[in-house]
1. Could you run through segment 179-212 and say how many residues are within 18 Å of residue 168 (Cβ to Cβ) and assigned to a loop (DSSP other than H, G, I, E, B)?
2. Suppose we keep only residues that are touching a helix residue (DSSP H, G or I) at 6+ places or on another chain (Cβ under 6 Å) and part of a loop (DSSP other than H, G, I, E, B) within segment 217-253. Which one would you say is farthest from residue 325 (Cα to Cα)?
3. Could you please find all residues in segment 1-33 being under 18 Å from residue 249 (Cβ atoms) and in contact with a helix residue (DSSP H, G or I) (Cβ under 7 Å, 6 or more places away or on another chain)?
4. Which residue, of 59, 109, is free of Cβ contacts under 8 Å to residues at least 60 places away in the same chain, farther than 20 Å from residue 175 by Cβ and surrounded by 17 or more Cβ atoms within 10 Å (Cβ to Cβ)?
5. Having 1 or more residues that are touching a helix residue (DSSP H, G or I) at 6+ places or on another chain (Cβ under 6 Å) is the bar; report the strands (runs of 3 or more DSSP E) wholly within segment 258-306 that clear it.
6. Quickly run through segment 113-156 and pick out the residues that are within 18 Å of the chain's Cα centre (by Cα) and either modelled with pLDDT of 75 or more or in a helix (DSSP H, G or I) (or both).
7. Could you check segment 307-325 and list, in sequence order, the residues that are in a loop (DSSP other than H, G, I, E, B) and crowded, with 23+ Cβ neighbours inside 10 Å?
8. Are any residues in segment 1-39 closer than 11 Å to residue 209 by Cβ and surrounded by fewer than 24 Cβ atoms within 10 Å (Cβ to Cβ), and if so, which ones?
């Protein structure tokens, strides 16, 4: 399939599926797909563009992990450093053996403020804790700080947002900067991500998509009261699709970490299920004993996001959306069109 026909095919798929967001795909330096559909602002009928900024929810846990890895590279701490030795916060019921490695790999066993295995609706959190009060990472602590451990550290993979809140607090204490400023300076600036950042919902910059929640009766509402007012270490940054691709390029060209630490960062540290592993802040898919995909994803009310790098083909994909679903379907269509997960790929 020619590049023109590929782009047209993905655009038609996005339109047919009423996808609201953007898709940006590159193979090394060659642009394969650049497309957008839907509205960034439905009331004003402002259309999405490839350069629209989108929230990416948990898709930015990888930024938190890199911030920690940079501190490790600078010998400020290590992956085996205990939580109690790098964060001056009291956790009366936490196990003393919890390390930075455990937090990065979701194996710490600590309680979560939003347990996806127990709770179905992220919006339920804000019925008792107003989302507009959660402006700093430490504001999340009362939601889990004194709860009991769920498991012994190192024994079980259990996806955990609270663990990444703690990692962000470690970054703040050890760097002397707010977490958001650290990421913007030491990650976004290094990768040339000038449009990306952590923006407050009540003061979004231009070219930023509003998140929409579609109801079953055909109505919709914004996600203004459904997510924390500003993103942090567990999720909530805003990026453009091209800048997310730029981020992957920065990671794999060693602009963020040196070669040795990049290799350790991307190493499969935990087996989640057959064919799926987890590194530091990044999901890893393996097929026939080969790593076929490094990827991140994020879901919030009014937000869905998928982005990946395929090492066998040197293809990088970023698909953000300002709706609660749709990005996964576009990702699968791109993979199918390019045969990115096929054994034919060399």
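The values are calculated or read from the model by the stated rules, or taken from the named source; none is laboratory data. All of these numbers come straight from a predicted model, not from anything done at the bench. No Cβ is skipped: glycine too gets one built from the backbone with ideal geometry, and neighbour counts run over all protein chains shown.
1. 4
2. Top of the filtered list is 233.
3. Across segment 1-33, the qualifying residues are 22, 23, 24, 25, 26, 32, 33.
4. 109
5. Values: elements: 270-273, 276-278, 283-287, 290-300.
Answer list for segment 258-306: 290-300.
6. Kept after step one, since they are within 18 Å of the chain's Cα centre (by Cα), are these residues of segment 113-156: 113-116, 122, 137.
113, 122, 137 - these are the residues of segment 113-156 that are within 18 Å of the chain's Cα centre (by Cα) and either modelled with pLDDT of 75 or more or in a helix (DSSP H, G or I) (or both).
7. Going through segment 307-325, the residues in a loop (DSSP other than H, G, I, E, B) turn out to be 311-314, 322, 324-325.
Listed by number, the list holds a single entry, 322.
8. Within segment 1-39, the first condition is being closer than 11 Å to residue 209 by Cβ, and the residues that meet it are 20-22, 36, 38-39.
Those that are closer than 11 Å to residue 209 by Cβ and surrounded by fewer than 24 Cβ atoms within 10 Å (Cβ to Cβ): 36, 38, 39.
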